[in-house]
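The values are calculated or read from the model by the stated rules, or taken from the named source; none is laboratory data. All of these numbers come straight from a predicted model, not from anything done at the bench. For neighbour counting, all protein chains shown are included, and Cβ atoms are generated from backbone atoms with ideal geometry for every residue, glycine included.
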Amino acid sequence: MKDMHGPRVEIAVQDVAGARTALEAGADRIEVCAGLGAYGGLTPSWAVIAGCSRVGLPLGAQVLIRPRAGAFVYENEDERRVQVEDVRSAVKAGAGGVVVGALNADGRVDLALCRDLVTAARSAGDQEGRRVEVTFHRAFDMVVDRSRALDQLIDLGFDRVLTSGGAPSVPEGMDSIGDLVSQAAGRIQIMAGGGVRIDAIGEVLDLGVAAVHLSAKRLVPAPAGPGGGGEDASVEVTDAGTVAAAVRAVRAYRSRRTAC
């Protein structure tokens with residue numbers, strides 16, 4: 001499971017233009033979602049998944065599977081079924097992986113749903129003739145026992161966990177992230193995400209994480225007009241400068257490690 005090529009840069013994008021920006025700025029992988037700023041990310045459309053998957057990121061496109069905003073507890077059978085079907089659909093659209101997460105009301109991993117999601121991803125990948133990765137998203141930061149949850153995700157066959165160490169942001173959760181890396185011991189990748197600052201990337205990578213995850217988004221004015229959302233309308237776009245800065249920081253870290 002350990003990445004022999006060193007830590008990676010993953011960028012959350014919301015459209016094909018964002019995927020192209022991430023590629024051109026040197027990112028390794030993308031997470032594709034919708035409603036990032038407004039809702040924290042939701043499942044994107046089939047066409048967006050297909051378009052982003054065709055852009056050609058070195059490590060492909062991971063697709064967020066989240067049917068609604070709010071808590072990560074899905075007791076409604078329709079919501080559970082939709083996520084399983086969205087996993088299969090994302091893989092058919094070309095996704096290299098899916099990003100999922102579900103908890104029980106007691107703050108523990110919903111093992112039954114997560115098992116179904118992993119199984120759906122693997123079986124859909126088999127049908128497409130390729131292996132599909134599965135990442136557990138930042139619902140992990142809401143669990144009551146991260147150590148136990150990590151072992152459960154390993155047993156379920158997850159490839160990666162996105163986490164801020166249970167803190168509001170990565171800089172605040174550094175000690176916990178380091179503990180998770182030690183516990184994982186190469187059995188699952190730990191990816192740091194949530195408030196990652198460019199100037200702190202080297203310090204984050206020193207923890208031994210497999211990747212850093214950034215949204216790298218900025219707001220730009222959007223033309224208003226009939227149905228345009230008003231005079232102050234704006235849209236989120238992937239910022240090439242932020243992506244490039246993150247890539248430079250990670251490459252500089254790799255160079256220092258190689259020199260040592």
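Okay, residues lined up against (1) without any contact (Cβ under 8 Å) to a residue 12 or more places away in the chain; (2) part of a helix (DSSP H, G or I); (3) of a type in the set (D, E, K, R); (4) over 19 Å from Gln62 (Cα atoms):
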position	(1), (2), (3), (4)
Ala149	no, yes, no, yes
Leu153	no, yes, no, no
Phe158	no, no, no, no
Ala167	no, no, no, yes
Pro171	no, yes, no, yes
Gly178	no, yes, no, yes
Ile201	no, yes, no, yes
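Being assigned to a strand (DSSP E or B) and of a type outside the set (S, T, N, Q) is the filter; apply it to the range 61-79 and report the residue that is farthest from Arg160 (Cα to Cα).
Within the range 61-79, the first condition is being assigned to a strand (DSSP E or B), and the residues that meet it are 61-64, 73.
So of that shortlist, the ones also of a type outside the set (S, T, N, Q) come out as 61, 63-64, 73.
Working: Ala61: 14, Val63: 13, Leu64: 13, Val73: 20 Å.
Out of the qualifying residues, it is Val73.
Residues to consider are Asp159, Asp145, Asp141; find the one that is surrounded by 15 or more Cβ atoms within 10 Å (Cβ to Cβ) and either within 18 Å of Val73 (Cβ to Cβ) or of a type in the set (A, V, I, L, M) (or both). Give the steps one after another, and end with the answer.
Details: Asp159 fails: either within 18 Å of Val73 (Cβ to Cβ) or of a type in the set (A, V, I, L, M) (or both); Asp145 fails: surrounded by 15 or more Cβ atoms within 10 Å (Cβ to Cβ).
Criteria check complete, one pass: Asp141.
May I ask you to list the residues in the range 61-78 that are touching a residue at least 40 places away in the same chain (Cβ under 8 Å) and on the phi > 0 side of the Ramachandran plot?
Answer for the range 61-78, where residues must be touching a residue at least 40 places away in the same chain (Cβ under 8 Å) and on the phi > 0 side of the Ramachandran plot: there is none.
Identify all residues within the range 16-40 that are outside any helix (DSSP H, G or I), touching a Cys at 6+ places or on another chain (Cβ under 8 Å) and in contact (Cβ under 8 Å) with a residue 40 or more places away in the chain; write none if there are none. Step through it out loud before you land on a result.
Here is the first cut: in the range 16-40, the ones outside any helix (DSSP H, G or I) are 25-35, 40.
In the following step, the residues that additionally are touching a Cys at 6+ places or on another chain (Cβ under 8 Å) were identified as 30, 32.
Hit for the range 16-40 is Val32, nothing else.
Rundown of residues vs (1) touching a Ser or Thr at 6+ places or on another chain (Cβ under 6 Å); (2) of a type in the set (D, E, K, R), yes/no style:
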| residue | (1), (2) |
| --- | --- |
| His5 | no, no |
| Val13 | yes, no |
| Glu24 | no, yes |
| Ala27 | no, no |
| Tyr39 | no, no |
| Ser45 | no, no |
| Ile49 | no, no |
| Ser53 | no, no |
| Leu57 | no, no |
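Being surrounded by 14 or more Cβ atoms within 10 Å (Cβ to Cβ) and assigned to a loop (DSSP other than H, G, I, E, B) is true for just one of Pro58, Pro44. Which residue is that? Reasoning before the result, please.
Numbers: Pro58 fails: surrounded by 14 or more Cβ atoms within 10 Å (Cβ to Cβ).
Within the list Pro58, Pro44, the selection yields Pro44.
What about Val237, is it outside any strand (DSSP E or B), modelled with pLDDT of 95 or more and surrounded by 14 or more Cβ atoms within 10 Å (Cβ to Cβ)? Give the derivation first.
Details: outside any strand (DSSP E or B): no; modelled with pLDDT of 95 or more: yes; surrounded by 14 or more Cβ atoms within 10 Å (Cβ to Cβ): yes.
Answer is no for this residue.
Given Arg115, Arg54, Arg80, which one is closer than 25 Å to Ile190 by Cα and among the charged types (D, E, K, R)? Before the answer, list the steps.
Working: Arg54 fails: closer than 25 Å to Ile190 by Cα; Arg80 fails: closer than 25 Å to Ile190 by Cα.
Unique residue meeting the criteria: Arg115.
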